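The values are calculated or read from the model by the stated rules, or taken from the named source; none is laboratory data. Everything quoted here is computed from the prediction, not taken from an experiment. Using ideal geometry, Cβ is built from the backbone for each residue, glycine included, and neighbour counts are taken over all protein chains shown.
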Amino acid sequence: MRKVLQDNIELSHEDVKEFNRENVKVYGYKRFFKSIKYSLDGLRYAYRYEQSLWIHGFATALSIVMGIIFKIKLSEWAIIFIALGAILALELINTAIEAAVDLTTTSIHPLAKIAKDCGSAASFVMSIVSIVICLFVFGPYLMEIFKLL
């Protein structure tokens, strides 16, 4: 039996190993620490090559500094961290989508464009939502400062 893959590469049944999830997913502390290492590898890659992550990282640092300066409430910290964590996580997902699309095709394809544009749009929408949330949290504190000036 022969399987035809993308780009007309043919593999025989002997060449294709059956996927056995039980052999792959072995639980234990070694796997746990490897998964942490892989996660940190992903973060390092994204911060090294993705400009938007640097921008969001700066915004996160600025929000933390402003939260400390204004002594925001615990509930406000929670809201800020959820919003900023969501956008950073979404940027990482967008980076993964872009890498998967680049792996799949080297040519410019309309579906590849849609996948990349939609991933980028998701990050953009969450960025706007995060900005609005930060304005809701920090707006009253900033207005108090400007009233004093």
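If residue 27 meets every condition in (1) at negative phi; (2) exposed (fewer than 10 other Cβ atoms within 10 Å of the Cβ); (3) modelled with pLDDT of 90 or more apart from one, which number is that one?
Here residue 27 meets the rest and fails (3).
Could you say which residue among 96, 78 is closer than 29 Å to residue 131 by Cβ, within 13 Å of the chain's Cα centre (by Cα), of a type in the set (A, V, I, L, M, F, W, C) and assigned to a helix (DSSP H, G or I)?
96
Any idea which of (1) assigned to a helix (DSSP H, G or I); (2) out of contact with any Cys (no Cβ under 8 Å at 6 or more places or on another chain); (3) surrounded by 17 or more Cβ atoms within 10 Å (Cβ to Cβ); (4) not polar (S, T, N, Q) is the one residue 83 doesn't satisfy?
So residue 83 meets the others, but not (2).
Out of the residues in segment 105-149 that are free of Cβ contacts under 8 Å to residues at least 40 places away in the same chain and among the hydroxyl-bearing types (Ser, Thr, Tyr), state the one that is nearest to residue 59 (Cα to Cα).
120
Pick out the one residue from 36, 82, 68 that is without any contact (Cβ under 8 Å) to a residue 24 or more places away in the chain and farther than 22 Å from residue 137 by Cα.
36
Just to be sure I understand, how many residues within segment 90-138 are surrounded by 12 or more Cβ atoms within 10 Å (Cβ to Cβ), of a type in the set (S, T, N, Q) and over 23 Å from residue 39 (Cα atoms)?
2
Hey, any hits in segment 51-65 for a residue that's modelled with pLDDT under 95, exposed (fewer than 11 other Cβ atoms within 10 Å of the Cβ) and within 16 Å of the chain's Cα centre (by Cα)?
Looking through segment 51-65, at least one residue is modelled with pLDDT under 95, exposed (fewer than 11 other Cβ atoms within 10 Å of the Cβ) and within 16 Å of the chain's Cα centre (by Cα).
For segment 60-75, enumerate the residues that are closer than 22 Å to residue 144 by Cβ and in a helix (DSSP H, G or I).
As a first pass, look at segment 60-75 and keep what is closer than 22 Å to residue 144 by Cβ: 62-75.
Those that are closer than 22 Å to residue 144 by Cβ and in a helix (DSSP H, G or I): 62, 63, 64, 65, 66, 67, 68, 69, 70, 74, 75.
Which of (1) assigned to a helix (DSSP H, G or I); (2) at pLDDT below 95 is the odd one out, the single condition residue 16 does not satisfy?
Of everything listed in (1) assigned to a helix (DSSP H, G or I); (2) at pLDDT below 95, residue 16 misses just condition (1).
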